[in-house]
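The values are calculated or read from the model by the stated rules, or taken from the named source; none is laboratory data. Note that the structure is predicted; figures quoted are calculated from it, not measured. Cβ placement follows ideal geometry from the backbone for every residue including glycine, while neighbour counts extend to all protein chains displayed. For accessibility, only protein heavy atoms count, side chains too; no ligands or nucleic acids. Shrake-Rupley method; radii C 1.70, N 1.55, O 1.52, S 1.80 Å.
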Amino acid sequence: MRVTGVGHAGMRFETAGGSVLCDPWVNPAFFASWVPFPDNTGLDWTELGKTDYLYVSHLHRDHFDADNLREHVSKDARVLLPDYPTDELEQELRALGFRHFVRTESGVPQELDGGLRFMITSLKGPGDGPIGDSALSLDDGTARIVNQNDAHPLDIPKLLEFGAYDAHFTQFSGAIWWPMVYDLPKAAKREFARRKRIGQEDRAMRYIREVGAPHVFPTAGPPCFLDDDLFRWNGLGYEGVEGESIFTDQWEFLGRMRELGAEDGSEQQQGHLLLPGTTAEIGHGTVTDLAHPMPDDDVERIFVDKERYLRDFAERARPVIEAQKARWAAPQPDLLVRLKEWIEPLMKRADHMCDGIGGPVRMDLHGMPDTTPGVDDDGTLSLTFDFPAREIRLYDGEQARYRWGVPAELVATNVATGEVDWSNSLFLSVRFTATRVGQYNEYLYTFFKCLSEERMDYVENWYDAQNDDGRDVELDGWRVQARCPHLSADLSKFGTVDGDVLTCTLHNWKFNLATGRCLTSAGHEIRAEKLDR
């Protein structure tokens, strides 16, 4: 099995059963803040896009690059589709022209034409990516690999039921804005960043040890930040913020892996550097013919003289970054009205999250027009997201545990485009500032990744189902499990029965109660029993 690195979490596998292209990302993401590191713009993307199979692990824009997929990836490719609770990934791929989909069931191996065996392990909790993340296992008879990318599967024994892996591709560098954007004393920020880096490395090493593959390729990070306003987050000591970045690069992690391996006696697991354009042959327990697209001295210079490399890269990337920024929407005076119309109805559907947030959150929008009602002399419009009251209004001096300072054009752009996931767009951009009192509130950032009815209902029902004791409900002569197998809706509220067919009216999914079979989609069987009267 031959692997070619294409950058970040991206790779292409040439197998005995066909080629598989994974997560091909090249264009700046998250409001032009994240860029693949090292530079992968020189790859032949048209040639890479001539693939038999496409695997996009999830909808984060450093994995799902719509422009690259649209322009360079063959629409004849068969998409290996993770089993997610919503169909957003499929619908976005269809909008780009993809037509051929291989549907999967999480954790269940399948075999493709040509004998390529694969398995997708899907994660579906609110904390998993944009309401979903996944890992890909491949076995073509010559080698067996797992591409874990960003996914954090809890059931490693289940992952290993696919077989012992020869190579493991895994994330080692995080994707979060804490503590970088927070208003903290410098010493505290450096200490929190240090703890975050160590925690990310330790988590990666736990997965490496548990999966137990003899060969490990650190992937899925870090990005680089090439915009002048963000360059300091590359962790280079720029303007005195040495040590405040959470991002570890591949070179550093491979060194750390060697140190930890020597400490715990696991040196038999060998780490390999996978750059854009790097190729290697993977066999049973072996990696051979690993070749980088440049001399070894040039490879080392990328990491040892990293600031110079990134400054040169920034100059090359400047036109693309500026073009993206030019497309941001100009904020209009009615921005508060539009936010109320969109988000207040979602608040009213989000009892678990609003109760979990438990108080008001302040958002200061900088750069608003001076004709905006409530704007101050500096062009800042301060808003209160009052979660207990389920409303958004002008800030009136109330105490708020969370406070964000955000360029108004970013919020205006998300409103204009209908972006349903602000956690994985605005917040990951690190183009904002934050303060908080007390501990991290998971519910708050989960709420802002669920700004659609479908996402909000799924996550609310997911939280509700955590207290599910397996109870049944009786509906028109049937004893039926209480929650819909689709998105866990309460069937005592949303279930209707016509003969042998139950319809969950939340999303109009139908089930044959006599057989348990879902009539809307593969899988999703329902537990039901006819009652004797």
* Residue-normalised accessible area of the chain, given per residue in Å² at a 1.4 Å probe -> 41
* Structure fact -> Taking a straight Cα-to-Cα line shorter than 17 Å from Lys196, and setting aside same-chain aspartates and glutamates fewer than 8 residues away, one finds Asp150, Asp183, Glu242, Glu244, Asp249, Glu252, Glu442
* To do: Post the alpha-carbon centroid distance, the stretch 59-75 to the stretch 421-444, in whole angstrom.
  => 26
* Mind listing the lone cysteines of the chain, meaning no other Cys beta-carbon sits under 4.7 Å from theirs? => Cys22, Cys224, Cys354, Cys450, Cys518
* To do: Post the alpha-carbon centroid distance, the stretch 112-148 to the stretch 284-333, in whole angstrom.
  => 27
* Asked: If you place +1 on the Cβ of every Lys and Arg and -1 on the Cβ of every Asp and Glu, how big does the dipole about the Cα centre of the stretch 5-87 come out, in debye to the nearest 20?
  -> 60
* If you take the charge dipole of the chain about its Cα centre, with +1 on Lys and Arg Cβ and -1 on Asp and Glu Cβ, which of His486, Gly405, Gly358 is farthest toward its positive end? -> Gly358
* **Interchain or long-range residues, amide H under 5 Å from Leu519's placed H** => Lys510, Phe511, Asn512
* Asked: What value, in deg cm²/dmol to 500, does the helix sum -39500 (n - 2.57) over DSSP H runs of n ≥ 4 give at 222 nm once divided by the residues of the chain?
  -> -8500 deg cm²/dmol
* For Met1, tell me the accessible area in Å² from a 1.4 Å probe, rounded to the nearest 10. => 20
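Can you tell me what percent of all Cα-Cα pairs in the stretch 365-445 are more than 15 Å apart?
On the way: 2075 of 3240 pairs.
Every Cα pair in the stretch 365-445 considered, those over 15 Å come to 64 percent.
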* Asked: Using modelled backbone amide H atoms (1.01 Å from N, in-plane), which distant-in-sequence or interchain residues come within less than 5 Å of Arg483's amide H?
  -> Leu491
* Average Cα contact separation per residue, the stretch 414-512, under 8 Å, 6 or more apart, as relative contact order % -> 16
* Asked: Accessible area of Glu525, 1.4 Å probe, to the nearest 10 Å²?
  -> 120
* To do: Quote the charge dipole size of the stretch 380-485 about the Cα centre in Debye, to the nearest 20; the model charges only the Cβ of Lys and Arg (+1) and of Asp and Glu (-1).
  => 560
* To do: Could you go through the stretch 336-347 in sequence order and give the Karplus-derived ³J(HN,Hα) for each residue, using 6.51 cos²θ - 1.76 cosθ + 1.60 with θ = phi - 60°, rounded to whole Hz, and x for Gly and Pro?
  => 4, 4, 5, 5, 4, 4, 8, 8, 4, x, 6, 4
* Asked: What dipole magnitude, in Debye to the nearest 20, does the chain give about its Cα centre under +1 on Lys/Arg Cβ and -1 on Asp/Glu Cβ?
  -> 400
* Along the positive direction of the dipole of the stretch 6-109 (beta-carbon charges: Lys, Arg +1; Asp, Glu -1; about the Cα centre), which of Val108, Thr41, Phe98 reaches farthest? -> Phe98
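What is the calculated FRET efficiency for Lys510 to Asp297, with r their C-beta to C-beta distance and R₀ = 60 Å, to the nearest 0.05? Before the final figure, lay out the partial values.
Working: r = 63 Å, r/R0 = 1.05.
That gives a FRET efficiency of 0.40.
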* To do: Among Pro369, Tyr309, Ala326, pick out the residue whose Cα is farthest towards the positive end of the charge dipole of the stretch 304-400, where Lys and Arg carry +1 and Asp and Glu carry -1 on C-beta, about the Cα centre.
  => Tyr309
* Sorted largest first, extent of the stretch 312-359 alpha carbons per principal axis (Å) -> 49, 27, 16
* Distance between modelled label sites at Lys325 and Leu519, nm, 7 Å Cα→Cβ extension -> 5.6
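Round to the nearest 0.05 the FRET efficiency obtained for Leu290 and Arg203 when R0 = 25 Å and r is the Cβ-Cβ distance.
The value I calculate is 0.45.
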* Leaving ligands, DNA and RNA out of it, work out the accessible area of Ser106 with a 1.4 Å probe and give it in Å² to the nearest 10. => 40
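Please give the contour-minus-distance gain from Ser492 to Ser74: 0.36 nm per residue of separation, less the Cα-Cα distance, rounded to one decimal in nm. Don't skip to the end; give the middle numbers.
On the way: separation 418, 0.36 × 418 = 150.48 nm, distance 4.55 nm.
The span from Ser492 to Ser74 would gain 145.9 nm if fully extended.
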* **Relative intensity, log₁₀ I(q)/I(0), of the stretch 406-515 from a Debye sum that treats every alpha carbon as a point, q = 0.11, 0.13, 0.15 Å⁻¹** => -0.52, -0.64, -0.75
* Structure fact -> Extend 7 Å from the Cα of Gln332 along its Cα-to-C-beta direction; within the stretch 367-393, residues with backbone N under 16 Å of that point are 368-373
